Amino acid sequence: MNAEDYLNDEDKFNVTNRLVVMLIKWSFNVMNRLVMLFPKIDADPADGFVTENELTEWHLQQAAKEVLHRSMREMEVHDKNHDGFVSFAEYEPPSWVKNDNNSFGYDMGWWKEEHFNASDANGDGLLNITEFNDFLHPSDSKSPKLLHWLCKEEVRERDTDRDGKVNFDEFFHGLFDLVRNYDEEDHNSSHPSHDSLESPARHLFSQLDKDGDRLLSEEELLPIIGKIHPSERYYAKQQADYIISQPMTSEWCFMVAMDVLGFQNGEEEEQ
């Protein structure tokens, strides 16, 4: 295309032609980059096809990099003496928490010293970048201390009669809905009746109640804490499931390009 092609019969700038050229160049670049990225996604096994699991792992890896990058930037703000660690004295909770002590999380224990100590894996009173990342994103942590703290906070929030455990009513009116929504992503949007939900709720409650005291302790909530606080893996799988389930149209190709290359763009900006 010659430069004159950007002008129409009235010698005015032809926006349509310019957009067509830009779109062709963009499509060519996208295809080249997808070809380069495909082997990185198609890794287990490398058979020329991308599976749901491979796409989930790809999303998870890229999300983990982005989360860690944000945590590193956040750490720079709180590491007042620039020693590469954050002490509890250095840390300040988010401003919206300080302005409203009744905010969700603050009255439970989030951003408080117990939360900080649970994130301190080696118990030295300081958080390195891995521990600080866990502190900011406890649902993605594999630390037993932090997962136990999450369970403790759930008991603290749900325990309306203040007996230190969760009874069936406290479990049914709150926790069960979270678990059910996690297990049944595509359940009917209409609200099922109280009676229809009570039976599966009691079944799950009895499975969790290992000591048979009709109460759930912090330890007994541990098997479902990942459903109450979904990790990045849950969202990565949802994203992969959605992409795999869609018909392969031009719109699908555009969606995949934006989805996969969106992470790659962010990665390049950091480099």
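The figures follow:
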quantity: Whole-Hz ³J(HN,Hα) from phi, Karplus 6.51 cos²θ - 1.76 cosθ + 1.60, for region 165-175, glycine and proline x; calculated: 9, 10, 8, 5, 4, 5, 5, 5, 8, x, 5
quantity: Under Karplus coefficients 6.51, -1.76 and 1.60, residue-wise ³J(HN,Hα) of region 39-51 in Hz, glycine/proline x; calculated: x, 6, 7, 7, 10, 9, x, 7, 10, x, 10, 9, 9
quantity: Flagged links, alpha-carbon separation over 27 Å, of 65/165; 152/227; 65/227; 112/227; 145/227; calculated: 65/165
quantity: Interchain or long-range residues, amide H under 5 Å from residue 216's placed H; calculated: 166, 167
quantity: Computed Kirkwood radius, in angstrom, where 1/r is averaged over Cα pairs of region 206-249; calculated: 13.0 Å
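No lab work stands behind these numbers, since they all come straight from the coordinates. What you see is a predicted model, and the numbers here were worked out from it, not measured in a lab.
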